[in-house]
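Enquirer: Dropping the structure in here first, questions after.
The values are calculated or read from the model by the stated rules, or taken from the named source; none is laboratory data. Just so you know, these numbers come straight off a predicted model, no measurement behind them. Here the Cβ positions follow ideal geometry from the backbone for every residue, glycine too, while neighbour counts run over all protein chains shown. With ligands, DNA and RNA removed, areas are computed over all heavy atoms of the protein, side chains included. Shrake-Rupley method; radii C 1.70, N 1.55, O 1.52, S 1.80 Å.
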Amino acid sequence: MQFIKLAEYYDALEGVSSRLKMIDIMSDLFKESEPSEIDHIVYITQGVLAPPFEGREFGVAEKMAQEAIALATGYTKENVELDFRKSGDLGKTAESFVSKSKLKRMNSSKPDVSEVYNSMIKISSISGKGSKEQKIKTLANLVASSSPVEARYLIRYPLGQLRLGLGDATMLEALSVMENGDRTLKEELEKAYNICSDLGLVAKEMKSKGIKAIKEFSVTVFKPIRPALAERLPTAEEILEKMDGECAVEQKYDGFRCQIHKKGKHIEIYSRRLERTTDMFPDIASAALKEVHAYEAIFEGEALAYNDSTGEFMPFQETIQRKRKHGISEKAIDLPLKLMAFDLMFENGKSYINEPYEKRRAKLEQLLEGSDTIKPSKRIITKSAKELDDFFSTSVTDGLEGIVAKDLKAPYVAGARKFSWIKLKRSYQGELSDTLDLVIVGYYRGRGSRTEFGFGGLLCAVYNETRDMFETVSKIGTGFTEEQMQELSKTLGSIEQKSKPARVDSITEPDFWVYPKYVVTVKADEITRSPMHTCGIAIQKDGTKSGYSLRFPRLVGETTIRRDKSPEEATTTKEIEELFSQQKKVRVSDK
Ligand code: ATP
């Protein structure tokens, strides 16, 4: 497929305000693509060069893209910069400069998608002295031979600002429509995606080998599995009831989630977001080599700082110091880690993800016999609420976060939040016991003393997995520091949209809409019913229509924007509904 064709599809997607229409356009695009290029199309649409675990970065900054546009069109950098200040979108700026280019269009042959993709790979792999200039030149060459609409996406792509507003779920549905004309294959496709985390690969298999290959998809070493997630319940009694009267209860450690892949002498460690973090944890990697008795293995655990003299785990604020790019080995001596392993998914050619927890755990313990740095998580198996509560209290007294209860019979549920794992955390009276991760979908202009920051508050949403839509749940207008206001105004300004993005459902209108891209962590006092928000909206007994909203929401967390979570990993509508009903129960039992 010629790149211009892809650019035309993207242009059509940008004009669409319904998610169903997006699926139609994407399925037509997939139908028209060749098996040899569909993976490239998927990566470009995702705005990446490869799945996150490959860690391939473009290494192209805004300034470099501006220079490339200038070089390709015969204008100065200053001309381009000035236009960009007005448009706020370097893609649009590129489009307008190409349409009025002072230079003759280079090379009239139209590049196809894979040629463009390979040039982008080339740009990403240029390194060393003079690399900046070379990257600019290669990008300028692409722009110089492109049409205006192609230029828009050639510039947006390496900047990671494609502005299509598509999520992985939409693409999976589009693949199903491509193959079957309806959405019935989505579940199978999702399963395959959950165990390889590579949407390009799933699309390629589907296109070239059909649904049979997707159904036979298996776990592979060095393709990270999308992590299983935990539900919440407020009491030991409810946890036991949900688990049919008996469950395992593991200590909950607060550190970095690590998924470790081992094959012979090769070790890789992936984060909760499936990014390759092997270099950050040399001590864990070498322990995995020495202490794990298997040639091949995939297992998971939480890495956290440990005080060898007192035998205590350290709080997250200490562990976080290990997240660094420089001085890694010094810090590893200063602040040694332990990995508390809690699951096993693969061992010597055999996938364990469909085996029950008890079997996975037994194998994990066997693999870790006599180990020191990597230990199985501490746990009990119980039928008693009192015993569960006591284990929880001891864990909290030991400085841990709480417990995770596990269904003895459940498989490893990749990429989903299910009741096979239930977390119980320390709770703070009078407040919601857990923080929420919300997606920013809009923001408000600064008024009064905030005028200078151009920022007055956020409109935030949760993710509805069933609808693949973002439903608003709260405005956040207080508690920002000046630095946070400046950061938010700058960051959000660059992803502004003229109208409501297709996957946002809202009755509230902010001053500016933004793409659902950034996640913030929020604490609130309680969840209330509100007619202003679309999260869980339903007709009430009294005939009025209302959704959920937050009382006294405020930003919390180490950073303003939580960059380790994608919008689809934010708190879901279902979780808000559950938290609301737990809140009611707690109140009733308080009385
Ligand atoms: P989530 O990961 O559920 O989206 P979150 O990032 O806010 O939410 P938590 O609410 O703290 O994290 O709870 C889940 C996390 O707890 C897991 O992702 C994992 O990193 C960590 N964890 C610690 N100990 C365990 C354990 N024994 N079993 C499973 N997970 C554990």
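Enquirer: Between Ala213 and Asp28, what FRET efficiency comes out of the Förster formula 1/(1 + (r/R0)^6) with R0 = 22 Å and r the beta carbon distance, rounded to 0.05? Present the calculation step by step, with values, prior to reporting the outcome.
Expert: Details: r = 23 Å, r/R0 = 1.03.
After rounding, the FRET efficiency stands at 0.45.
Enquirer: Stokes-Einstein D for region 390-523 at 20 °C, 1.002 mPa s, Kirkwood Rh over Cα pairs, in µm²/s? Provide the component values of the computation, followed by the final result.
Expert: On the way: Rh = 17.4 Å.
Reported coefficient: 123 µm²/s.
Enquirer: Turning to a different aspect of this structure: List every residue whose amide H lies under 5 Å from the amide H of Gly454, counting only residues 5 or more places away in sequence or on a different chain, with H placed 1.01 Å from N in the peptide plane.
Expert: Distant-sequence amide H within range of Gly454: Gly446.
Enquirer: Out of Val439, Val116, Phe30, whose Cα points farthest toward the positive end of the dipole of the chain (charges: +1 Lys, Arg; -1 Asp, Glu; placed on Cβ)?
Expert: Comparing the listed Cα positions along the dipole, Val116 ranks first.
Enquirer: Determine ³J(HN,Hα), in whole Hz, for all residues of region 283-299 in sequence, where each value follows from phi through the Karplus function 6.51 cos²θ - 1.76 cosθ + 1.60 and θ = phi - 60°; x replaces Gly and Pro.
Expert: Computed from phi, the couplings for region 283-299 are 5, 6, 4, 6, 5, 4, 5, 7, 9, 9, 7, 7, 5, 10, 7, 10, 9 Hz.
Enquirer: Provide the descending list of Cα extents for the chain along its principal axes, expressed in whole angstroms.
Expert: Here the Cα extents, ordered largest to smallest, are 78, 62, 52 Å.
Enquirer: Please give the FRET efficiency for Glu496 paired with Lys265, using the beta carbon to beta carbon distance and R0 = 51 Å, rounded to the nearest 0.05. Working shown, then result.
Expert: On the way: r = 49 Å, r/R0 = 0.96.
Given R0 = 51 Å and the Cβ-Cβ separation, E is 0.55.
Enquirer: At 20 °C and 1.002 mPa s, what whole-number value in µm²/s does Stokes-Einstein give for the translational diffusion of region 1-48, with Rh from the Kirkwood sum over Cα pairs? The partial results should precede the final answer.
Expert: Numbers: Rh = 11.0 Å.
The calculation lands on 195 µm²/s.
Enquirer: Using the scaling law 2.2 N^0.38 Å as the reference, what is the normalised Cα Rg of region 48-159? Mind dumping the intermediate values first?
Expert: Values: Rg = 13.3 Å, N = 112, 2.2 N^0.38 = 13.2 Å.
Normalised by 2.2 N^0.38 Å, the Cα Rg of region 48-159 equals 1.01.
Enquirer: Leaving out ligands, DNA and RNA, what percent of the accessible area of region 229-424 is carbon and sulfur, probe 1.4 Å?
Expert: On the way: 4250 of 8520 Å².
Here it works out to 50 percent.
Enquirer: Grab the Cα-Cα distance for Phe222 and Ile320, subtract it from 0.36 nm times how many residues apart they are, and report the gain in nm with one decimal. Intermediate results must be reported in sequence, preceding the final value.
Expert: Details: separation 98, 0.36 × 98 = 35.28 nm, distance 2.49 nm.
So the chain would gain 32.8 nm between Phe222 and Ile320.
Enquirer: Would you mind calculating the relative contact order of the chain from Cα pairs under 8 angstrom and at least 6 residues apart, reporting the percent as a whole number?
Expert: On the way: 1151 pairs, mean separation 71.0, N = 591.
Contact order relative to length: 12 percent.
Enquirer: I would also like to ask the following. Calculate what fraction, in whole %, of the accessible area of region 458-531 sits on carbon and sulfur atoms when a 1.4 Å probe is rolled over the protein chains.
Expert: That share works out to 47 percent.
Enquirer: Still on this model: Assuming 0.890 mPa s and 25 °C, estimate D for region 176-292 with Stokes-Einstein, Rh taken as the Kirkwood radius over Cα pairs, in µm²/s. If you can, show how the numbers build up before the last one.
Expert: Numbers: Rh = 17.2 Å.
Diffusion coefficient, whole number: 143 µm²/s.
Enquirer: Of all DSSP beta bridges located in the chain, what percent are antiparallel, nearest 5? Mind dumping the intermediate values first?
Expert: Values: 72 of 82 bridges.
Restricted to the chain, the bridges split so that about 90 percent are antiparallel.
Enquirer: Kirkwood hydrodynamic radius (Cα pairs, Å) of region 436-590? The partial results should precede the final answer.
Expert: On the way: mean 1/r = 0.0635 Å⁻¹.
The answer is 15.8 Å.
Enquirer: Among Pro510, Thr560, Ile539, pick out the residue whose Cα is farthest towards the positive end of the charge dipole of region 505-591, where Lys and Arg carry +1 and Asp and Glu carry -1 on C-beta, about the Cα centre.
Expert: Positive-most Cα among the choices belongs to Ile539.
Enquirer: Continuing with the same structure: Full-extension gain between Arg183 and Arg551, please, as 0.36 nm times their residue separation minus the C-alpha to C-alpha distance. Spell out each step's value before the answer.
Expert: On the way: separation 368, 0.36 × 368 = 132.48 nm, distance 3.78 nm.
Using 0.36 nm per residue and subtracting the Cα-Cα distance, I get 128.7 nm.
Enquirer: For Ser581 paired with Ser18, estimate the spin-label separation in nm (one decimal), with each label point 7 Å from Cα along the Cα-to-Cβ line.
Expert: 3.2
Enquirer: Here's a follow-up. Counting only heavy atoms of the protein chains, get the accessible area per residue of the chain (1.4 Å probe) and round it to a whole Å² value.
Expert: Numbers: 26220 Å² over 591 residues.
It amounts to 44 Å² per residue over the chain.
Enquirer: For Ser18, Ser147, Ser309, give me the order by solvent-accessible area with a 1.4 Å probe, most accessible first, ignoring ligands, DNA and RNA. Numbers along the way, then the final one.
Expert: Numbers: Ser18 50, Ser147 10, Ser309 110 Å².
Highest to lowest solvent-accessible surface, that is Ser309, Ser18, Ser147.
Enquirer: Rg and Dmax of region 96-225, using alpha carbons, in Å: what are they?
Expert: 18.7, 54
Enquirer: Starting from the eigenvalues of the Cα gyration tensor, five times each then square-rooted, give me the equivalent ellipsoid semi-axes of region 124-193, largest first, whole Å. Provide the component values of the computation, followed by the final result.
Expert: Values: eigenvalues 254, 50, 18 Å².
Gyration-tensor ellipsoid for region 124-193: 36, 16, 10 Å.
Enquirer: In region 48-159, carbon and sulfur make up what percent of the accessible area (probe 1.4 Å)? Provide the component values of the computation, followed by the final result.
Expert: Working: 2720 of 5370 Å².
Reported share for carbon and sulfur atoms: 51 percent.
Enquirer: Based on the Cβ-Cβ distance of Glu78 and Lys242, what FRET efficiency does E = 1/(1 + (r/R0)^6) give at R0 = 41 Å, to the nearest 0.05? Present the calculation step by step, with values, prior to reporting the outcome.
Expert: On the way: r = 63 Å, r/R0 = 1.54.
Here the calculated transfer efficiency is 0.05.
Enquirer: Evaluate the relative contact order of region 264-310 (contact order divided by residue number), counting alpha-carbon pairs under 8 angstrom at least 6 apart; express in whole percent. Please report the intermediate quantities before stating the final value.
Expert: Details: 22 pairs, mean separation 14.3, N = 47.
It comes to 30 percent, rounded to a whole number.
Enquirer: Per 0.36 nm of contour for each residue apart, how much would the distance between Lys86 and Asp308 grow if the chain were fully extended, relative to their Cα-Cα spacing?
Expert: On the way: separation 222, 0.36 × 222 = 79.92 nm, distance 5.70 nm.
Length gained between Lys86 and Asp308: 74.2 nm.
Enquirer: Can you tell me which lysines have their Cα less than 17 Å from the Cα of Lys378? Leave out same-chain residues fewer than eight positions away.
Expert: Lys252, Lys338, Lys359, Lys363, Lys406, Lys423, Lys425
Enquirer: Can you give me the distance in nm between label points at Thr559 and Arg447, each placed 7 Å from the Cα along the Cα-to-Cβ direction?
Expert: 3.2
Enquirer: At q = 0.11 Å⁻¹, what log₁₀ I(q)/I(0) does region 229-424 have when each alpha carbon counts as one equal point scatterer in the Debye sum?
Expert: Once normalised to I(0) and log-transformed, intensities are -0.49.
Enquirer: Continuing with the same structure: Measuring from label point to label point, each 7 Å out along Cα→Cβ, what is the Lys100 to Ile507 span in nm?
Expert: About 4.5 nm, to one decimal.
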